[in-house]
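Report on the following structure.
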Amino acid sequence: MKNIVLIGFMGSGKSSIHKPLAQKLGLRPIEIDDLILKKSNRKSVEEIFEKDGEQVFRELEIETAKDLKNQVDCVIATGGGVVQNKIILDYLKTNGTIVYLKTSFPEAEKRLAREGKTRPLFKNTKAAQKLYKLREPLYNAYSDIEVQTDGKNIEEITVEIIERIH
Ligand code: S3P
């Protein structure tokens with residue numbers, strides 16, 4: 001089976017959904033941020049941004065997407081910034097259906113606050129909102145399927161993705 005590639009802004013639920021979705025479909029869950037961390041000598045994405053800079057993170061992101069180009073049977077959770085590098089989407093589209101988890105900005109912000117984890121690019125609401133506006137048309141353009149996530153739980157979103165990809 002083709003991969004299912006989850007894209008969307010920070011807080012759209014990519015990481016929370018990829019495992020239950022993979023389990024339901026008998027596929028392998030993969031998280032690009034985890035693979036990037038393994039390639040780096042750092043303990044967190046935050047540390048890569050702080051010590052190496054965003055550029056190094058983006059290069060590792062491209063390298064990781066390239067490594068995944070020939071994989072099949074996976075559910076891949078991407079980082080929210082993959083759409084800013086067309087080459088990444090080209091790699092991921094090779095064997096994948098791209099699913100956009102569409103989430104409003106206030107909902108994404110609420111979820112991130114609840115989660116309590118910090119994101120290097122979500123420290124300031126205004127800057128994050130600007131990034132959201134910049135990326136929204138890109139998520140739209142690159143996706144094969146769009147699933148609205150506001151007000152839905154993980155189970156509901158997972159079921160909807162499965163219905164839509166079949
Ligand atoms: C980023 C999103 C993060 C992570 C990094 C950069 C972004 O992933 O890859 O902090 O540019 O939006 P999540 O979307 O899983 O938070």
(request) Could you grab me the full set of residues in region 57-111 that are assigned to a loop (DSSP other than H, G, I, E, B), among the β-branched types (Val, Ile, Thr) and under 14 Å from Asn3 (Cβ atoms)? (result) Val72, Thr78, Thr94
(request) Considering each of Leu134, Leu138 in turn, give the residue that is assigned to a helix (DSSP H, G or I), modelled with pLDDT of 95 or more and surrounded by fewer than 14 Cβ atoms within 10 Å (Cβ to Cβ). (result) Leu134
(request) Pull up region 12-34, narrow it to residues that are within 11 Å of the ligand (Cβ to nearest atom) and farther than 15 Å from Ile161 by Cβ, then point me to the one that is surrounded by the fewest Cβ atoms within 10 Å (Cβ to Cβ). (result) Asp34
(request) Pick out the one residue from Leu68, Leu60 that is of a type in the set (A, V, I, L, M), over 24 Å from Pro20 (Cβ atoms) and surrounded by 15 or more Cβ atoms within 10 Å (Cβ to Cβ). (result) Leu60
(message) Looking at region 6-55 only, could you name the residues that are among the hydroxyl-bearing types (Ser, Thr, Tyr), in contact (Cβ under 8 Å) with a residue 24 or more places away in the chain and part of a loop (DSSP other than H, G, I, E, B)?
(response) Ser12
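Quick one: is Glu146 of a type outside the set (S, T, N, Q), within 15 Å of the ligand (Cβ to nearest atom) and touching a strand residue (DSSP E or B) at 6+ places or on another chain (Cβ under 9 Å)?
Here the answer is no, as Glu146 does not meet what is asked.
The values are calculated or read from the model by the stated rules, or taken from the named source; none is laboratory data. Quick caveat: nothing in here was measured; it's all calculated off a predicted structure. Heads up, the Cβs are rebuilt from the backbone with ideal geometry, glycines too, and the neighbour counts pull from every protein chain shown.
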